[in-house]
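These notes concern the structure reproduced below.
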Amino acid sequence: MSVSPTPSTTAATSAASATTTTARAGSGSPAPGPSPAELLDYVRRTAADPELVASLPLDPEGRTWIRLEGPAGSEAWLIGWPPGTGTGWHDHAESVGAFTTAAGTLRERSLAARLPTDGWKTLELSEGVDRERQLAAGQGRAFGRNHVHEVLNESTTEHAVSVHAYYPPLPQIRRYSRTGPVLRLESVERPEDWQ
């Protein structure tokens, strides 16, 4: 993968301001947040709650969502996906996460490559970095920091519903465009942009 030496147009987010942690009694060390596996367990249990899933209003025109209380200070969302909708390429910065499909089927396309986190605007991706998985109701996945992916409801007739959780609560989402092997950083969103 090659990196264009274009400077990043966004300011770095301080890890201290983006992380919600508590101190362990007497140690002065921050308590670790939930792991990706613990977040996956949470989203699977939550997606299996038919009453909660049915409470989400579905809109034929755009995604809908309800913010949930995630475990141990994490951020969680119940999201409805109309037919033919998706996220576009993005990452969740320094947050780890997990999601599970609660209804319908979602497709995740992701990159199996560690990208530089700052200081670039355009990357040319190497061959073999693309991954794809289809996640039917009850299926999910966990991911680490800086995981670049897109999630899609490719059905032409059915809504999908999913549960997502992130820790620390999302400090930012970086959005990308992709043309063949070229990935371009397009924008950086912060919590005030989507809450």
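The values are calculated or read from the model by the stated rules, or taken from the named source; none is laboratory data. This one's a predicted model, so the numbers in the text were calculated from it and none came from an experiment. So basically every Cβ, Gly included, is an ideal-geometry build from the backbone, and we count neighbours across all protein chains shown. Note: accessible area is taken over every heavy atom of the protein model, side chains too, but ligands, DNA and RNA are not part of it. Shrake-Rupley method; radii C 1.70, N 1.55, O 1.52, S 1.80 Å.
Overview of values
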{"read-out": "The one condition in (1) within 26 Å of Glu189 (Cα to Cα); (2) at pLDDT 90 or above; (3) out of contact with any Phe, Trp or Tyr (no Cβ under 6 Å at 6 or more places or on another chain) that Ile79 fails to fulfil", "value": "(3)"}
{"read-out": "Strands (runs of 3 or more DSSP E) lying entirely in region 100-195 (those with 1 or more residues that are open to solvent by 40 Å² or more (accessible area, probe 1.4 Å) and under 30 Å from Pro57 (Cβ atoms))", "value": "105-111, 130-136, 173-179, 182-189"}
{"read-out": "Filter pass, Val96 being more than 21 Å from Leu78 (Cβ to Cβ) and buried (at least 17 other Cβ atoms within 10 Å of the Cβ)", "value": "no"}
{"read-out": "First in region 55-76 and on the phi < 0 side of the Ramachandran plot, second anywhere and among the acidic types (Asp, Glu), Cβ under 8 Å, 6 or more apart", "value": "Arg67/Glu75; Pro71/Glu38; Ala76/Glu69"}
{"read-out": "Among (1) more than 19 Å from Val161 (Cα to Cα); (2) modelled with pLDDT of 95 or more; (3) acidic (Asp, Glu), the one test that Glu94 misses", "value": "(2)"}
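Yes/no matrix, rows are residues, columns are (1) hydrophobic (A, V, I, L, M, F, W, C); (2) at pLDDT below 95:
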position	(1), (2)
Gly88	no, no
Trp120	yes, yes
Ala136	yes, no
Asn146	no, yes
Val151	yes, no
Thr157	no, no
Leu170	yes, yes
Val188	yes, yes
